[in-house]
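Undergrad: Right, I'll just put the structure down here and ask away after.
Rule-based calculations on the coordinates, nothing more; no lab input. Just so you know, these numbers come straight off a predicted model, no measurement behind them. Cβ sites come from the backbone with ideal geometry, for glycine too, and all protein chains shown count toward neighbours.
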């Protein structure tokens, strides 16, 4: 069997036993890439030579020694392109490593390539990439989800073992659900965002996409911890998330938020998620119904706050210091306007305009400040729910992967794809998505487990127990 | 709160964007619909709720000099440069 099909934990074991060499892993991955990438288009750039060179000198004594990882195209890796799948960053090469990248390097990992994404992480289908669409490995006529669609398609499609993504409103969990892999959005403050191209700084979080929960824990252990360069990172010393979980969920109290099971939702998704809840109950967990009453307001709150923050964060792309510069500008204002208008795609422009509007004089109270207050109410909802339970169990996405082109002309409809993931970013909690079933047409269904803030240990323990009791994670997309 | 009429061209100008007539027309319709959805927030009582502010964290790093990017690295992506400086159009006549 190709090494591209294996998990990080199993490869690390085989590397330690000297059964295989890191170069074998890289070669098998590139064989897969050559066979599958034409259909998938998960990558926007491949490090063919540097990955092989890094494999030759890998230090196997390190926790991720000899392991290649794919990186979403919005994280700076020294010397690699970092385009955020935008024309405005065409030709840009990162002059430094993001902290998350530096930590993976210190742990012995190296980097296979850059994965496709919705431009500046704005989207739920990866169709907003200026570098072409990515296809779902289970059905190439469908979207992989987004915005970390390239990372999810690469891991599920066996052209990467694991990848990093970023999650501002569901951008790790929703594509993980739609492609059938494991996506973890850690608690806000768990992983440094230094070197992640900022979208909405009060919501952005980096996290791993992997085949298994154990692999997710392995990467989180390398990534987590305080960074003086991101002062939102938690000061506590992070735990080792890989302590052998015992596979038991006995005594766990699991809340089902009634607002996440809506009439009219996809019946196969609802059935799979309810069956997962039943599995937890049968194995000794207690299921309680809880309420997050402000859930219906989450989309509006998110698209006010995220666009407001994006309008400020993306002001740096002005054609002066880096990125695309319009030629023959009359003056500096013309330079800004033309560089930005030529460089940004439609969704990015739409969100910058919306964000500028909700912050503008006369409207900031009605939109931005009101949204901040409702965000406070959403957070209170989560605090009250976690007084009654240890974890929340929900669908990750209201439905399986939709078809390419089905929604990209209707932004509001696209925004609604994030309805079950957005609140977690607004509240700052951590959450995981893992496969919990397949539809009759063989599309993956994702289960979301949300924890209290800094409750990753509980999330990973429960997710691991569920995963290992089922074989959803072993299923392979058709080749 | 009733959905205000968003003047897309004016707001775009504030954000240093120039839109084509097609973009202006399309964004006006789409953003109107999105703002309509946002009006639902007006129904939530928020009078008693404090605005969420970033959590205070005593995490300011010590003010000691550390090595930064070299001039060469910092300028490596500049579209136009000379003498270790970035070139831009003239801003003062």
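Undergrad: Given the DSSP H assignment, sum -39500 (n - 2.57) over each helix run of at least 4 residues in chain B and divide by its residue total; what's the result at 222 nm in deg cm²/dmol, nearest 500?
TA: Working: 3 runs with 29 residues, N = 93.
The helix-only estimate for chain B comes to -9000 deg cm²/dmol at 222 nm.
Undergrad: Looking at the square roots a ≥ b ≥ c of the eigenvalues of the Cα gyration tensor of the range A:81-157, which shape do they give, rounded for a/c under 1.5, prolate if a/b is larger than b/c, or oblate? Could you put the intermediate results ahead of the total?
TA: Details: a/c = 2.57, a/b = 1.40, b/c = 1.84.
Oblate.
Undergrad: Can you give the helix-only mean residue ellipticity at 222 nm for chain A, where every DSSP H stretch with n ≥ 4 adds -39500 (n - 2.57) and the sum goes over all residues, rounded to the nearest 500 deg cm²/dmol? Could the numbers behind the result be given before it?
TA: Working: 15 runs with 169 residues, N = 479.
After summing the helix terms and dividing by the residues of chain A, the value is -11000 deg cm²/dmol.
Undergrad: With N residues in the range A:299-372, what two-decimal value do you get for its Cα radius of gyration over 2.2 N^0.38 Å?
TA: 1.23
Undergrad: Taking only the Cα atoms of the range A:68-210, how large is their convex hull per residue, in Å³?
TA: Considering the Cα atoms of the range A:68-210, their hull volume per residue is 89 Å³.
Undergrad: Right, here's the next one. Quick one: what do you get for chain A if you divide its Cα Rg by 2.2 N^0.38 Å?
TA: 0.92
Undergrad: Is the shape of the range A:361-430 best called rounded, prolate or oblate, per the rule: a/c under 1.5 gives rounded, else a/b larger than b/c gives prolate, else oblate, with a ≥ b ≥ c the square roots of the Cα gyration tensor eigenvalues? Kindly include the intermediate steps, with their values, before the conclusion.
TA: On the way: a/c = 4.02, a/b = 1.12, b/c = 3.59.
Cα axes put the range A:361-430 in the oblate bin.
Undergrad: Using a Debye calculation, one point per C-alpha and no hydration shell, please list log10 I(q)/I(0) for chain B at q = 0.22 Å⁻¹ in order.
TA: Results for chain B at q = 0.22 Å⁻¹ read -1.11.
Undergrad: Dimensions of the range B:1-44 along principal axes (Cα, Å, largest first)?
TA: 36, 19, 11
Undergrad: I would also like to ask the following. Please state, as a whole number in µm²/s, the translational diffusion coefficient that the Stokes-Einstein equation yields for the range A:173-213 at 25 °C and 0.890 mPa s, with Rh defined as the Kirkwood radius across alpha carbon pairs.
TA: Values: Rh = 11.2 Å.
So the translational diffusion coefficient is about 220 µm²/s.
Undergrad: Right, something else. Which three extents, in angstrom, do the Cα atoms of the range A:214-352 have along their principal axes, listed largest first?
TA: Between the extreme Cα coordinates on each principal axis of the range A:214-352 lie 70, 43, 24 Å.
Undergrad: At a Förster radius of 41 Å, what calculated FRET efficiency corresponds to the Cβ-Cβ distance of residue A:16 and residue A:49, to the nearest 0.05?
TA: So the FRET efficiency works out to roughly 0.95.
Undergrad: Shifting gears a bit: With each label point set 7 Å from Cα along the Cα-Cβ vector, what nm distance links residue B:73 and residue B:14?
TA: Distance between label points: 3.8 nm.
Undergrad: Next question. Mind checking the angle between helix B:21-38 and chain B's longest principal axis? C-alpha axes, 0 to 90 degrees, to the nearest 10.
TA: Rounded to the nearest ten degrees, it is 60.
Undergrad: Rounded, prolate or oblate, given the Cα gyration tensor of the range A:197-260, with a/c below 1.5 counting as rounded?
TA: Oblate.
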